[in-house]
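Below you'll find the structure, written out as structure tokens, and then a few comments.
The values are calculated or read from the model by the stated rules, or taken from the named source; none is laboratory data. Keep in mind that this is a model prediction, so the values were computed, not measured. With ideal geometry, Cβ positions are generated from the backbone for all residues, glycine too; neighbour counts draw on all protein chains shown.
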Amino acid sequence: MTRAVKGYLAPDGKFFDDKWECDRYTYQQQIESLCDTHNIHADNFLSLLNAWHEAIKGYYHADGNCKSKQANGTNAVFEGVELPQDQDDQANAKIRDKDAPGFLEQSFGVDK
């Protein structure tokens with residue numbers, strides 16, 4: 001026997017009672033997929049995202065009301081451009097192996 005239910009279904013078939021929980025789960029799945037394709041450790045990225053969410057939310061709220069697409073007024077293109085390093089990065093470069101994975105590439109917990 002079937003019965004009517006009210007809720008929300010994520011693209012992968014997971015059921016949620018609440019729309020916002022479903023949306024968060026769906027976006028988290030997308031973020032984890034992007035992290036996988038960009039060699040970024042998803043747990044570390046999501047930890048930073050959660051820790052910085054107020055600043056990020058504020059940035060996107062302000063950005064949504066700006067005429068230009070980025071805070072510096074340009075559409076950033078990083079191909080073939082070396083980004084400037086701050087003094088801490090330069091000091092660490094002498095100690096750290098250039099091929100060592102960065103924070104967002106490392107696993108500090110248990111991998112899935």
* **Every residue from the stretch 49-87 that is in a loop (DSSP other than H, G, I, E, B), at pLDDT 60 or above and under 20 Å from Cys35 (Cβ atoms)** => Trp52
* To do: Any chance you could count how many residues in the stretch 1-25 are assigned to a helix (DSSP H, G or I), surrounded by 10 or more Cβ atoms within 10 Å (Cβ to Cβ) and more than 13 Å from the chain's Cα centre (by Cα)?
  => 5
* Contacts under 7 angstrom Cβ, first residue in the stretch 48-68 being loosely packed, with under 10 Cβ neighbours inside 10 Å, partner outside any loop (DSSP other than H, G, I, E, B) and of a type in the set (S, T, N, Q), 6 or more apart -> none
* With (1) loosely packed, with under 11 Cβ neighbours inside 10 Å; (2) modelled with pLDDT under 95; (3) part of a helix (DSSP H, G or I); (4) not β-branched (Val, Ile, Thr) as the list, and Leu34 as the residue in question, which single condition is left unmet? -> (1)
